[in-house]
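What follows is a single structure, written as structure tokens, with notes after it.
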Amino acid sequence: IYPRSATNQVKVTRQTAAEGTQSLEVVNALSGWVPHFCHLMRLSKGRVRMSMALRIEEGAGFTVQMRDPELWMAALGPTVVFTPGGGIAVNGKGLMKFPHDTWFRIEVELELGAARKDHAFVLRVLLPGEKTPHEFTGLPFKRGFRKLGWVGFMSGSVGGKRYYVDDFKVEPVR
């Protein structure tokens, strides 16, 4: 978690949860990408899925990004932006709107390794009350991205706006 301060916070809360009784609360107080936090791992081949539940206050924005552990910024993997205005974007292209102040689910699925067939991922968004997720296929990422070593959450709003993450998983697809 970076940086640690009284105004930028990443903490476990019992205020709201998609599953169970607690979730991760992120308070965006400063400009830029702070606070940010990440999950480190070492996955190098096969099909993987990242999934989570999100609840985003109106005016809160952030980015979820995968990075290669050897090349970091030179080989960015799937990157999904949640805008303060309620949009979901990939590679600068708006894909859809999400509802503020309610839980919804996302999934990112992709193939890792040098032998994969493409340099693209699938994004699925399941909104409240819907039975079928919105699916976006063929979303490109940098060709150098082969291994997954870092999933980061970087803030993109100011003024004490909050978002919540619950039921975060990165797992092989069988």
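The values are calculated or read from the model by the stated rules, or taken from the named source; none is laboratory data. Everything quoted here is computed from the prediction, not taken from an experiment. Cβ atoms come from the backbone with ideal geometry, glycine included; neighbour counts cover every protein chain shown. Surface areas here come from the heavy atoms of the whole protein model, side chains and all, with no ligands, DNA or RNA. Shrake-Rupley method; radii C 1.70, N 1.55, O 1.52, S 1.80 Å.
What the table shows:
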{"quantity": "For the stretch 32-127, alpha-carbon Rg relative to the globular expectation (2.2 N^0.38 Å, N residues)", "calculated": "1.13"}
{"quantity": "Calculated P(r) over Cα pairs in 10 Å bins from 0, in percent (choose from [x] 9, 28, 30, 24, 9, 0; [y] 10, 39, 37, 13, 0; [z] 8, 22, 15, 8, 7, 6, 6, 6, 7, 8, 5, 1, 0), label", "calculated": "[y]"}
{"quantity": "Average accessible area per residue (Å²) across the stretch 36-120 - probe 1.4 Å, nucleic acids and ligands excluded", "calculated": "45"}
{"quantity": "Exceeding the 23 Å Cα-Cα cut-off - candidates Lys97/Lys147; Lys93/Lys169; Lys11/Lys45; Lys45/Lys97; Lys45/Lys142", "calculated": "Lys97/Lys147; Lys93/Lys169; Lys11/Lys45; Lys45/Lys97"}
{"quantity": "Packing-based order for 46-58, 131-143, using average beta carbon neighbours within 10 Å, highest first", "calculated": "46-58, 131-143"}
{"quantity": "Heavy-atom accessible surface of the chain: percent carbon and sulfur, 1.4 Å", "calculated": "51"}
{"quantity": "Projected label distance in nm at Gln15 and Arg42, using a 7 Å step from Cα toward the beta-carbon", "calculated": "3.7"}
